[in-house]
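Visitor: Structure in structure tokens, see below.
The values are calculated or read from the model by the stated rules, or taken from the named source; none is laboratory data. As the structure is a prediction and not an experimental result, all values here were calculated from the model. Cβ coordinates were reconstructed from backbone atoms using ideal geometry, including for glycine residues, and neighbour counts include every protein chain displayed. In case anyone asks, the SASA skips ligands and DNA or RNA and just uses the protein heavy atoms, side chains included. Shrake-Rupley method; radii C 1.70, N 1.55, O 1.52, S 1.80 Å.
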Amino acid sequence: DAVETQEHYKSRWRSIWIMYLTMFLSSVGFSIVIMSVWPYLQKIDPTADASFLGWIIASYSIGQMVASPLFGLWSNYRPRTEPLVVSTAISVAANCLYAYVHVPHSHNKYYMLTARALVGFGAGNVAVVRSYIAGATSLTERTSAMANTSACQAVGFILGPVFQTCFTLIGEEGITWKLVHLELNMYTTPVLFGALLGVINIILIFAIFREHRVDDLGRQCKSINSEGEESAVPDQDTEGSIDHVAVVALNFLFFVILFVFAVFETIATPLTMDMYSWTRKEAVFYNGIILSVVGIESVIVFMVVKMLSKRTGERAILHGGLLIVLVGFFILLPWGKKLPNIQWQEIKNNSIPRTTSTEMLMPFWSLQAMQLPSNETAEPVGCPVTQSWCRNTPMIYLAQYLSSDVLIGLGYPVCNVMSYTLYSKILGPKPQGVYMGWLTASGSGARILGPVFVSQVYTHLGPRWAFSLICGVVVLSLLVLEIVYKRLIAFSVRYGRMQE
């Protein structure tokens, strides 16, 4: 048994911190342009409509879903520096492409679609990051490290739009560098800043990141990705098969968790516009504030979960998180008698936008720029008469909506961290790259299907059906958790090498 040296310990945690940074930059790369995609798309290609915007938003998740298992497989057999550097370089190149999509004379929208899909493809390194952290931490360190990783990801999603807002000071015209056909404006500068962060990340990976591995007890082991460490994993520590029933169950639970959160963030704008007669601008502004508060709440929850899990264990916390999410959506069910204000008037001027099922495919922050033209003074508000359920479904009171936001903002981060932590512990000393890739792909698939599901059900059947079905899905996930509860234990515990 090789005891970990102090030098190894310090180097190991420096490498883990580089992984935290990589996760942070990956989420910043997604969110730093999300509020400006629509106006930039309209500027470079007037033929693009809202439905195409939905594809651009979804292309990130599609790219990540495809890339995650591939990068995970790569990291199982080669030094992780390779997939980390290549994936980050792809993101850097994709951001530079995004800054130049105005140059071609036609099909500009397809270049933007390609750029965002490649940024998502580069974000497939999340699987590499998670698998490295799982292998470089002992069981007692694992929950804290996974919580820190998720917190870095959450902070990246929060700060991305903040960076974007700062760059709006440059203006829409900005500065043009004709020699290289580069326009530095409020649309291109954020992605170039993201590309710069990516280059810094690559430099830090080369300079600081090292392959390290410890077993579940924290003893220094030889990494399969490096020949630089002398001590090897004892044969008996890797003997035994992975519990694939538990693996599949956690993939399903993670899919449900990401699915319901995608529904939550997608439905915010159309729901509040229908129920509270908010204008598009009001809905984006108020929901933007709410999502920011939920993001801060999530970061706090990540920190609290690290301490709480030491007392109760990950399985109990996952169970509690799913129950909180269930209550959050149950509260959203319409129970009262008061109906929402109906938008009776016909809209004769086609230049006034309306909320369509296609627009519901987009998270609300992507609708920020979809405001009325400056020469229009009236915007119809209320629940559209074209949605037949508006005439007989009670409204959801604002107190219900805000209470639901708080509960989902509490339950989602709990479930997210516990899923990753339990998953990594179940896999044990086996190479985790491919498995983490499939877990990430499950989440990406959920983020694609969630908006599609809610846009169709909410538009045609209303919130009662939409949220009832979501509650049913969460109840099903709770039943699955109950069935596999005893199997969700660490690999070392399962084979009697450690006490739970």
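Visitor: Placing +1 at every Lys and Arg Cβ and -1 at every Asp and Glu Cβ, with all other atoms neutral, what dipole size does the chain have around its Cα centre, in debye to the nearest 20?
Guide: In debye, rounded to 20, the chain gives about 540.
Visitor: A follow-up question, please. Report the full-extension gain for the segment Val180 to Val406: residue separation times 0.36 nm, less the Cα-Cα distance, to one decimal in nm.
Guide: Using 0.36 nm per residue and subtracting the Cα-Cα distance, I get 76.6 nm.
Visitor: Right, next: How far is helix 398-427 tilted off the main Cα axis of the chain, in degrees rounded to 10, range 0 to 90?
Guide: Compared with the principal axis, the helix lies near 30 degrees.
Visitor: Per residue, what accessible area does the chain have, given a 1.4 Å probe and all protein chains present, in Å²?
Guide: Solvent-accessible surface per residue comes out at 42 Å².
Visitor: Helix-only estimate, please: 222 nm mean residue ellipticity of the chain, summing -39500 (n - 2.57) across DSSP H runs of length 4 or more and dividing by its residues, to the nearest 500.
Guide: Rounded to the nearest 500, it is -22500 deg cm²/dmol.
Visitor: Over the residues of the stretch 1-126, compute the C-alpha Rg and express it relative to 2.2 N^0.38 Å.
Guide: 1.30
Visitor: Describe numerically, in nm with one decimal, the distance between label points set 7 Å from Cα along Cα→Cβ at Thr168 and at Gln42.
Guide: Spacing of the two 7 Å Cα→Cβ label points: 1.4 nm.
Visitor: Quick one: check the C-alpha center-to-center distance for the stretch 33-67 versus the stretch 73-130, whole angstrom.
Guide: Cα centroid to Cα centroid, the span is 15 Å.
Visitor: Continuing with the same structure: Just the isolated ones, please: cysteines in the chain lacking another cysteine beta carbon under 4.7 angstrom.
Guide: Cys96, Cys152, Cys166, Cys221, Cys415, Cys471
Visitor: Counting Lys and Arg as +1 and Asp and Glu as -1, each charge on the Cβ, what is the dipole of the stretch 1-222 about the Cα centre in debye, to the nearest 20?
Guide: It comes to approximately 340 debye.
Visitor: Could you please state how large a percent of the accessible area of the chain is carbon and sulfur, counting protein chains only and using a 1.4 Å probe?
Guide: Looking at the chain in its full context, I get 65 percent from C and S.
Visitor: Here is a further query. Of Lys43/Lys109; Lys425/Lys486; Lys281/Lys337, which ones are farther than 21 Å apart at the Cα?
Guide: Where the Cα-Cα span goes over 21 Å, the pairs concerned are Lys281/Lys337.
Visitor: Taking the convex hull of the alpha carbon atoms in the stretch 1-222, what volume per residue do you get, in Å³?
Guide: Taking only Cα atoms, the stretch 1-222 has a hull volume of 121 Å³ per residue.
Visitor: For the Cα atoms of the chain, what angle does the longest principal axis make with the long axis of helix 463-484, in degrees from 0 to 90, nearest 10?
Guide: Rounded to the nearest ten degrees, it is 10.
Visitor: For a quick check of understanding: with a 1.4 angstrom probe and all protein chains in place, what accessible area in square angstrom does His102 have, to the nearest ten?
Guide: Solvent-accessible area, nearest 10 Å²: 50 Å².
Visitor: Shifting gears a bit: Scan [x] 28.9; [y] 23.9; [z] 25.4 for the value of mean projected area of the Cα convex hull in nm² calculated from this model and give just the label.
Guide: [y]
Visitor: Right, here's the next one. What does the extension gain come out to for Lys281 and Leu217, with contour length at 0.36 nm per residue minus their alpha carbon separation?
Guide: Fully extending the segment from Lys281 to Leu217 adds 17.7 nm.
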